[in-house]
Amino acid sequence: AILQWGAHALINPKGEVFMPPSSTFPKGLPVIFGPKEREFEIFTLYRKAQQLFESLDLVVEKLSFNQQKYWEILLSNETVVYLKESDPLGQLGLLTDLYRRITANHEYPPKSIDLRYNTDGLAVKWK
């Protein structure tokens, strides 16, 4: 298993969900979750997001698509990233292009970065 799907399942490297006893789950796996009918889309977005954030020495610890219809990503530095439903990869590309400039003069990482606006802008909340 390379990922945990919610609280009750795991995902293998091919994106297939399987349900062993939760007591056998490996510790520390990234968690992804969302509507069951979108599980492969969520898995694919996780893989692509992880590739983008690796260049910033960050790990995607959690990625979900929630009932309010937006994406939420928790990074290894405890920053939460919010994306609107449409074009999450485009939004992530914008964020990873700007991330070092956003954080350059700050001692601590942002608390959250919100890209859910109808512009190419973003909002940053600091701890």
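The values are calculated or read from the model by the stated rules, or taken from the named source; none is laboratory data. All values derive from a computational prediction rather than experimental measurement. FYI the Cβ positions are ideal-geometry reconstructions off the backbone, even for glycines, and counts take in every protein chain you see. The protein model used for the area step is the full one, side chains on, heavy atoms only, and it has no ligands, DNA or RNA in it. Shrake-Rupley method; radii C 1.70, N 1.55, O 1.52, S 1.80 Å.
Side notes on the structure shown:
- Hits among aspartates and glutamates - C-alpha to C-alpha of Lys62 under 19 Å, sequence gap 8 or more where chains match: Glu16, Glu37, Glu39, Glu41, Glu54, Glu72, Glu78, Glu85, Asp87, Asp114
- Summarising the amide proton neighbourhood of Lys62: residues at separation of 5 or more, or on other chains, whose placed amide H is nearer than 5 Å comprise Val31, Leu74.
- In whole percents, the pair-distance distribution calculated for the chain from its alpha-carbon pairs, binned every 5 Å from zero, is 2, 10, 22, 23, 19, 12, 7, 4, 1, 0.
- Once C-alpha pairs closer than 8 Å and six or more residues apart are averaged by separation and normalised to the residue number of segment 21-80, the relative contact order reads 29 percent.
- Computed over the chain with a Gaussian network model linking Cα atoms closer than 10 Å, the most mobile of Ser112, Ser76, Ser22 is Ser22.
- The alpha carbon gyration tensor of segment 1-61 gives principal lengths a ≥ b ≥ c with a/c of 1.5 or higher and a/b no greater than b/c, which makes the shape oblate.
- Residues whose amide H lies under 5 Å from that of Leu3, counting only those 5 or more places away or on a different chain, are Ile11; hydrogens are built 1.01 Å from N in the peptide plane.
- Relative contact order of segment 50-127, taken over Cα pairs closer than 8 Å and 6 or more residues apart, is 23 percent.
- The chain - share of DSSP beta bridges that are antiparallel (%, nearest 5): 70
- Accessible area of the chain belonging to carbon and sulfur atoms, whole % at 1.4 Å probe: 52
- Pairs exceeding a 29 Å alpha-carbon distance, out of Lys36/Lys127; Lys14/Lys111; Lys14/Lys127; Lys27/Lys48; Lys27/Lys111: Lys36/Lys127; Lys14/Lys111; Lys14/Lys127.
- The trypsin sites (Lys or Arg not before Pro) of segment 41-79 that DSSP puts in a loop, and whose beta carbon has at most 15 other beta carbons within 10 Å, are Lys69.
- The chain, accessible area per residue, ligands and nucleic acids excluded (1.4 Å, Å²): 59
- Note on the chain: with a GNM built from Cα contacts shorter than 10 Å, the maximum mean-square fluctuation among Glu16, Glu107, Glu54 falls on Glu107.
- Highest mobility in the GNM of the chain, judged by mean-square fluctuation with C-alpha springs under 10 Å and restricted to Glu61, Glu37, Glu85, is found for Glu37.
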